[in-house]
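Here the structure comes first, spelled out in structure tokens, and everything after it is commentary.
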Amino acid sequence: MAFVSQSQRAPNESYTFASRPRPVENRSKYREPPSEQTHSNYGNIMYDRRVVRGNTYAQLIIPTTAQPDPVEAQRQQESRRRAIARKRAREQFISSTPEALQGRKHIDVQTELYLEELSDVIVATDVECQTDAFLDKPATPLFIPAKSGKDVETQIEEGELFDFDREVQPVLEVLVGKTIEQSLEEVMEEEELACLRAQQRAFEELRNNELAEVLRLQEQERRHSEEKGRRIAQQKEVLKKEKETAEKIAARAYTQQYLSDLLPAVFTSLRSHGYFYDPVEKDIENNFFPWLMAEVNNSLEKRYTARELLDTIIHDVTQKRLKMFKELETQ
């Protein structure tokens, strides 16, 4: 229901509602596109907090003159929740007495500061009694209803109620008719069973002939399938051999073409990398040049050592001469 609501409420009065009357809108049968819909104000009572939902029997009835403060109610709920939580935590932290060991039991002891003697002892005595033995229940007598009414008797002479020769005739007719009818039904049933057996034998012969024909066709189809598979396998083997032969011919031709240029290139590469060398040149490079370099290094080291020694001697001589000259000058 779409409407524009107007509420009027005084500070200490009950809630009242009033809706301004307005004409009904002429709406089309189908919904209009979102761009063409008319924007109007809607009020949905499902989202109104003033509407009570659920069972109203267990709710507290609050007078209209004293509305509860939602903030205060929320604060009270929070305090109650915290108190319950503290109580549960306190119960969890309280250490309980452990269970007694097997063969033992707990007893109450005095834990007060000043002990006192327990003198109030309850006097207990043993008393016995014996009940009488149970007697067997007697058998329930048969129920015989009380006699009511009056006894009356009459005398019937022989032949007054039943004449055997006259009464037995319909009974014999019924027995003979039923016997003949049953015999005819048995004969017809035997003939029907014989006909059914003949039809069953004919059907079995026809079914056996059809099964033999089906088996023959299946065997023929199996032989054809095996022959087809064998021919396909032979053809695949022939194609495989032809492919292998073609690949071998192509590989041989490619190998010959590749090897024709490979040998000169290999020899050239080996020669350039030093695998084919002159023995004299190799001996000079590996033996003579290292010996020559070692001798030159030794000669240079000796010359360098002689020069250092000569420099040291010259330096010592000059120092001594300088010292002597200084002594002569001072004298």
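Quick look at the values:
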| read-out | value |
| --- | --- |
| For the stretch 271-329: accessible area per residue (Å², 1.4 Å) | 98 Å² |
| Rounded, prolate or oblate (a/c below 1.5 giving rounded, otherwise prolate when a/b exceeds b/c) for the stretch 204-278 by Cα gyration tensor | prolate |
| Whether the stretch 181-331 is rounded, prolate or oblate, judged on the alpha carbon gyration tensor where a/c under 1.5 counts as rounded | oblate |
| Length gained when the stretch residue 16-residue 263 is fully extended (0.36 nm per residue, less Cα-Cα span) | 77.6 nm |
| Protein accessible area in the stretch 190-321, 1.4 Å probe - carbon and sulfur % | 58 percent |
| Where the stretch 149-221 is the region considered: accessible area per residue in Å², 1.4 Å probe | 99 Å² |
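The values are calculated or read from the model by the stated rules, or taken from the named source; none is laboratory data. Predicted model, so just to flag it, every value in this text is computed and none were measured. For accessibility, only protein heavy atoms count, side chains too; no ligands or nucleic acids. Shrake-Rupley method; radii C 1.70, N 1.55, O 1.52, S 1.80 Å.
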